[in-house]
Amino acid sequence: MEFKDYYAALGVEPDADEKAIKTAYRKLARKYHPDVSKEPDAEAKFKDVSEAYEVLKSPEKRAEYDELRRYGPQGPQFEAPPGWQPRGGFDGPPPGHEQDFSDFFEQIFGGRAGGAQGGFGGARQPRQHRGQDIEMEVPLFLEETLSGDSRPISFSLPSYDEYGRKLPPQNKTLNVKIPVGTADGERIRLKGQGAPGINGGPAGDLYLAIRLVPHPVFDVDGRDLVVTVPVAPWEAALGAKVEVPTLSGRINLGIPANSQAGQRLRIKGKGLPNKGDAAAGDLYAVLKVVMPKSADEATRKLWEELAAKAAFDPRADWGKRA
Amino acid sequence: MTTTVMVVDLDELCQSVNLPRDVLVEIVEVGIVEPREQRAGHWVFDYQAVSVVRRAVRLRREFELDWPGIALALRLLDEVDELRAENRYLRQRLARLLED
């Protein structure tokens, strides 16, 4: 087991006072708290920081930890000294609830697994606990929100013995129905599919946080979709019929003559479906006029002819304004 | 086959987030979560409320904020999320229109 340097985790000196420790923790919490942070690895970093603070903020735990530090984190591997008996009472939440600290922490301070509720010579009945709710992100393709089909979702559940001690996680797979019209950021609740209860307590719930995977062709704007349609200059000028992809197959789209770059054409009802009876969103085709990369001699002649004959000044506005 | 449950009542919410009823009432009063309806005199919440309250509880514990402070923080965080999403969308649109 790795010896955790809690002082380094908080970036404080080993002789730092309580106030300095608190300030350091606050600062790091603002930076890495998963609820407020977009830093990469915020969750893992915050876990280290809060574990360090959990120990260093309590004079009792800090004294125990300092003693172990003196005993010597010589190698990268750490074993608690033989006969090590933690003294302070573990007043944290029961395991599996909110906090999930490292094996190092568990070995030093977690020997009284289950906190005050059990494990002390078995004199008291171990108490029932509702299992932990589990939240996990599920990436979904846009196509998967159309049909209301089920898809298998795999996850691992923490597991504990009757004293609340950690066991290896259990892997589970469920077939989950994805409701039609599920949107980005929504959560699907699966009652009773979270961590099993402790001592016969009820199981927690499983929450699936939906993330829509960016699509190579369609951009999502609420319930509407946007597809960028490249057109040749003459298609924009003369009008054309072009094949445009939708989430449910290709359709023919009429482009009116004299269309502009950036013009939006609405294709009704071809956006993302809504929940219930509400109408589906629309698909917007946005025209992007694309020039050929090069022109052969004949084409060049035609452009020259056009330039000579067409009375068009795209910068006419500048004459008035600048 | 598993079923999705769309709403939770106040007791279920209390149980899910491990908070007493009066604290939850306070959380509702400052507007951190809003009941979606009052069914026969008791509150029913969208199940998204569980995640919101849980987030609020973490903020309270980790930053020692009071509930009105948390309500403000959550609103601003939501706004940041919305702006980030909008920014991502606009950048994506711009890239599609400008690049080959």
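The values are calculated or read from the model by the stated rules, or taken from the named source; none is laboratory data. If you're wondering where the values come from, they're calculated on a predicted model, not measured in any experiment. Neighbour counts run over all protein chains shown; Cβ positions are idealised from the backbone, glycine included.
Some points to look at:
- Matching residues in the stretch A:137-149 - criterion: being buried (at least 17 other Cβ atoms within 10 Å of the Cβ), more than 20 Å from A:Ala279 (Cβ to Cβ) and more than 17 Å from the chain's Cα centre (by Cα): A:Glu144
- Residue check for B:Arg84: within 10 Å of chain A (Cβ to nearest Cβ) and closer than 30 Å to A:Gln263 by Cβ: yes
- Per-region count, the stretch A:35-51, residues under 25 Å from B:Arg75 (Cα atoms), of a type outside the set (A, V, I, L, M) and more than 8 Å from chain B (Cβ to nearest Cβ): 8
- Those residues of the stretch A:7-47 which are polar (S, T, N, Q) and under 12 Å from B:Glu62 (Cβ atoms), in sequence order: A:Ser37
- Only listed residue being in contact with a helix residue (DSSP H, G or I) (Cβ under 9 Å, 6 or more places away or on another chain) and at positive phi, chosen from B:Glu29, B:Glu12, B:Glu34, B:Glu64: B:Glu64
- Whichever residue in the stretch A:150-180 is hydrophobic (A, V, I, L, M, F, W, C) and at pLDDT 85 or above and, among such residues, is farthest from A:Leu272 (Cα to Cα): A:Leu157
- Residue check, A:Lys288 at pLDDT 95 or above, more than 28 Å from A:Thr182 (Cα to Cα) and assigned to a strand (DSSP E or B): yes
- Helices (runs of 4 or more DSSP H) within the stretch B:1-99 that include 2 or more residues among the basic types (Lys, Arg): B:48-63, B:67-98
- Taken over the stretch A:21-56, the criterion of being closer than 15 Å to A:Lys4 by Cβ and either assigned to a loop (DSSP other than H, G, I, E, B) or among the basic types (Lys, Arg) (or both) is satisfied by A:Lys45, A:Lys47.
- Single residue of the stretch A:200-229 satisfying the filter (small (Gly, Ala, Ser) and at the interface with another protein chain (Cβ under 9 Å from one of its Cβ atoms)) that is farthest from A:Thr145 (Cα to Cα): A:Gly204
- Filter pass, B:Arg61 being more than 30 Å from A:Val231 (Cα to Cα), surrounded by fewer than 16 Cβ atoms within 10 Å (Cβ to Cβ) and within 9 Å of chain A (Cβ to nearest Cβ): yes
- Enumeration of residues in the stretch A:175-199 that are buried (at least 17 other Cβ atoms within 10 Å of the Cβ), more than 7 Å from chain B (Cβ to nearest Cβ), free of Cβ contacts under 8 Å to residues at least 40 places away in the same chain and not charged (D, E, K, R): A:Ile178
- Odd one out for B:Tyr47 among (1) under 11 Å from the mean Cα position of the chain (by Cα); (2) exposed (fewer than 15 other Cβ atoms within 10 Å of the Cβ); (3) within 21 Å of A:Leu206 (Cβ to Cβ): (2)
- Candidates A:Val180, A:Val227 - the one that is in contact with a helix residue (DSSP H, G or I) (Cβ under 8 Å, 6 or more places away or on another chain) and at negative phi: A:Val180
- Checked against (1) within 41 Å of the chain's Cα centre (by Cα); (2) within 14 Å of chain B (Cβ to nearest Cβ), A:Ser294 passes all but a single condition, namely (1).
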